[in-house]
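Beneath this line is the structure, given in structure tokens, with notes to follow.
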There are 2 protein chains.
Amino acid sequence: MKQELAIKNVLDTWHSNISRTDTLLNSLTDEQLQNEVAPGRNRGTYLLGHLTAVHDRMFSLLGIGQPLYPHLDNPFITQPDKAVADIPSVTDLRNYWKEVNTTLAKHFANLQPDEWFQRHTSVSEEDFAKEPHRNRLNIIISRSNHVSYHLGQLAFLKK
Amino acid sequence: MKQELAIKNVLDTWHSNISRTDTLLNSLTDEQLQNEVAPGRNRGTYLLGHLTAVHDRMFSLLGIGQPLYPHLDNPFITQPDKAVADIPSVTDLRNYWKEVNTTLAKHFANLQPDEWFQRHTSVSEEDFAKEPHRNRLNIIISRSNHVSYHLGQLAFLKK
């Protein structure tokens, strides 16, 4: 019972962060998203691609599937902003973001409470036996905070 | 057992966020902290005061004590940046931040697992009976994300 409450708390925060980000993105024009969030900092498009690529990696990290858009890894995780000239259009990035999060949400809804406390795939079985907190739930907590971090920056794109 | 793992996951993320913020603050001079994080946006000092005031409110919200610095509420929560001319010095703000988080950490360490699933004080007993996820643990998750949001902005103070 209590473990289910904790899972609900964590998932509610995740969904709330995605929803706040959606609201912000919907309020920004494509032109605004192509601006730097602050002088000399990442562009909105880079942060959108970065968040999408990081979330797309969660399928394999959680052991629930394969990435939908692995071609986003290089321009938005490996490389910094402006290092890759040919990035997807803003329209494509908006669609990728939506698709990745919608698909994740479906998987999350199907996981049973106990499955949230199973290991994620970047920890070995041996290490997990010693460090059982390195579970799937922890990934959601950590990635929620990652969204919040960049959402605070994306908010500067609003006039 | 599983509820304790969930609590550990949440508290580890909280402490990690505080630690990351400390590291950033320690790397910034008082002069840098007095700058706006981006043109026309909040100053670093305002965000530091804001985070401190929000964390100071957690004592009563969690039902574990009284605020240490209630005079921070008006200039850093009620009012926007630059509305109050006479704010504490950067030195004082740095000390308040440290003191509030250190005191919170001591209280957190003393809470028993079951106590994390008790209601926080902004929800009534009647509502809590229907919405048991409005517990203390949820406050930590929510405030962790709040730190992350502003940490992403404070990071822009670095050259």
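The values are calculated or read from the model by the stated rules, or taken from the named source; none is laboratory data. Here the structure is a predicted model, which is why all the values come from computation and not from measurement. Cβ: placed from backbone, ideal geometry, glycine included. Neighbour counts: every protein chain shown. What goes into the accessible areas is simple: the full protein's heavy atoms, side chains included, and nothing from ligands, DNA or RNA. Shrake-Rupley method; radii C 1.70, N 1.55, O 1.52, S 1.80 Å.
Is the protein assembly as shown best put as rounded, prolate or oblate by its Cα gyration tensor, with a ≥ b ≥ c the root eigenvalues, rounded for a/c under 1.5, and otherwise prolate when a/b is larger than b/c, oblate when not? Taking the square roots of the gyration eigenvalues as a ≥ b ≥ c, the protein assembly as shown is oblate. By the helix-only formula, in which each DSSP H run with n ≥ 4 contributes -39500 (n - 2.57) and the sum is divided by residues, chain B has a 222 nm mean residue ellipticity of -19000 deg cm²/dmol. The heavy atoms of residue A:24 present about 20 square angstrom of accessible area, all protein chains included, probe 1.4 Å. Counting Cβ atoms of other protein chains within 10 Å of each residue's Cβ and taking the mean over peptide A:7-20 gives 3.
Note on residue B:122 and residue A:129: the model spin-label points, each 7 Å out from Cα along the C-beta direction, lie 4.5 nm apart.
Applying D = kT/(6 pi eta Rh) to region A:95-159, where Rh is the Kirkwood radius over alpha-carbon pairs, T corresponds to 10 °C and eta to 1.306 mPa s, the Stokes-Einstein value obtained is 114 µm²/s. Based on C-alpha pairs under 8 angstrom that are at least 6 apart in sequence, region A:2-157 has a relative contact order of 32 percent.
For region A:2-157, what number of Lys pairs, 8 or more residues apart or on separate chains, have alpha-carbon atoms under 26 Å from each other?
Numbers: A:2/A:106; A:2/A:130; A:8/A:98; A:8/A:106; A:8/A:130; A:82/A:98; A:98/A:106.
Close lysine pairs under the 26 Å cut-off: 7.
Stretched out straight at 0.36 nm per residue, the stretch from residue A:66 to residue A:15 would grow longer than its current Cα-Cα span by 16.3 nm.
Of the DSSP H helices in chain A, those that are both long (alpha-carbon extent of 24 Å or more along the helix axis) and hydrophobic (Kyte-Doolittle mean at least -1.0) are A:2-27, A:90-110, A:136-154.
How many partner chain Cβ atoms sit within 10 Å of a residue's Cβ in peptide A:136-145, on average, as a whole number? It would help to have the intermediate numbers written out before the result.
Details: counts 0, 5, 7, 1, 1, 9, 4, 0, 5, 14.
Per residue, the number of nearby Cβ atoms from other chains is 5 on average.
Averaged over the residues of A:33-41, the number of partner chain Cβ atoms lying within 10 Å of the residue Cβ comes to 2.
Rounded to the nearest 0.05, the FRET efficiency derived from the C-beta distance between residue A:30 and residue B:82 at R0 = 30 Å is 0.40. FRET efficiency for residue B:22 and residue B:106, Cβ-Cβ distance as r, R0 = 22 Å, nearest 0.05? Given R0 = 22 Å and the Cβ-Cβ separation, E is 0.85. Per atom type, region B:17-159 shows carbon and sulfur on 47% of its accessible surface, probed at 1.4 Å.
What is the calculated FRET efficiency for residue B:4 to residue B:89, with r their C-beta to C-beta distance and R₀ = 45 Å, to the nearest 0.05?
Given R0 = 45 Å and the Cβ-Cβ separation, E is 0.60.
Relative to the Cα centre, the charge distribution of region A:2-157, modelled as +1 at Lys and Arg Cβ and -1 at Asp and Glu Cβ, gives a dipole magnitude of about 300 debye.
With its label point put 7 Å out from Cα toward Cβ, residue B:158 sits 2.6 nm from the same residue's point in the other copies, in order from shortest.
Applying a DSSP loop filter and a limit of 15 other Cβ atoms within 10 Å to the trypsin sites (Lys or Arg not before Pro) in region A:73-149 leaves A:82.
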